[in-house]
Amino acid sequence: MSLTSILLLLQLTVSLLVGVQKNPNATAEQKNQALSFAAQAIVISQNYITAGAALTTPPAVPVPAASTSTTSAPTASTTPTQNMVTSPILVTALGPTTNRTKTSVDDIAILTFSPSGSGGISLTTLKITFSGNLASSTFSDADVKLLNTSNVPVGTLASVTCNTGSTCAFSWSDFGSNGIVSSGSSLVLKLRIDSLTNTAPATAGVSDTLGVAIQAAGDLTYNDTVDGSGATVSIPANTVPLVLNSVSYAPGT
């Protein structure tokens, strides 16, 4: 039955009911027959509407739309990339931001990766830039650690000594199983430094400063599969620079 037939049926039903009600000579039996006909017409119309709605419900995709010729499967990077857009990194700065005490165990920040959606990811590279006058010419990769929740170092930290310029960058790679972020789970990493041993000495009335940030999108990359077999992508440009912490230490006396 077509939509036109349904409309004609409803129009006929209304005309019949109005005609019977207005006819003073209509018997009770005729009125009952009219009501019965109207009820059947309503049932037919409801069935038609229900069937039409079922055809337009998203799960019932027509066969041609599901064929490989008309619907291509999304690339592996689509969902995880969107995941990182909606939930790239949650940063928790640690410790006081002023009059901070220099110590060999100085926890700077916690980075929490929690991609939403159905796909997991695996970290590939992470580059963190230090600025300020705390990092002296002898401050190096030996004074910086990236730890998991068991305080075990993760990734491979490239060798570097902060002996030039006003900034110093530390880069990790080869996270292996320690960089996997499965769907529905989180990866928590902690940045720790030794701010006492190889840093600038305290000067009377001067506070040593330290800024820590992920400066550029390419400073954090991840693979869009947990086994590293997919595409490697960067975090969105609008999420950087991402400041992990900005602190000053107590001045010398």
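Below is a table of values for the structure above.
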quantity	calculated
Matching option when the condition is within 23 Å of the chain's Cα centre (by Cα) and surrounded by fewer than 15 Cβ atoms within 10 Å (Cβ to Cβ), among 183, 177	177
Residue count, region 122-166 (criterion: in a strand (DSSP E or B) and among the small types (Gly, Ala, Ser))	4
In region 216-253, residue surrounded by the most Cβ atoms within 10 Å (Cβ to Cβ) [restricted to those that are in a helix (DSSP H, G or I) and out of contact with any strand residue (DSSP E or B) (no Cβ under 7 Å at 6 or more places or on another chain)]	239
Odd one out for residue 168, checked against (1) without any contact (Cβ under 8 Å) to a residue 40 or more places away in the chain; (2) over 20 Å from residue 106 (Cα atoms); (3) surrounded by 14 or more Cβ atoms within 10 Å (Cβ to Cβ)	(2)
Among the residues listed as 206, 226, the single one being assigned by TED's automatic domain parsing to the domain that holds residue 93, more than 19 Å from residue 114 (Cα to Cα) and in contact (Cβ under 8 Å) with a residue 12 or more places away in the chain	206
Residue match in region 84-103 (condition: over 26 Å from the mean Cα position of the chain (by Cα), of a type in the set (A, V, I, L, M, F, W, C), farther than 22 Å from residue 168 by Cβ and at pLDDT below 85)	no
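The values are calculated or read from the model by the stated rules, or taken from the named source; none is laboratory data. These numbers were taken from a predicted model, which means no experiment stands behind them. Note: ideal-geometry Cβ built from the backbone for every residue, glycine included; neighbour counts use all protein chains shown.
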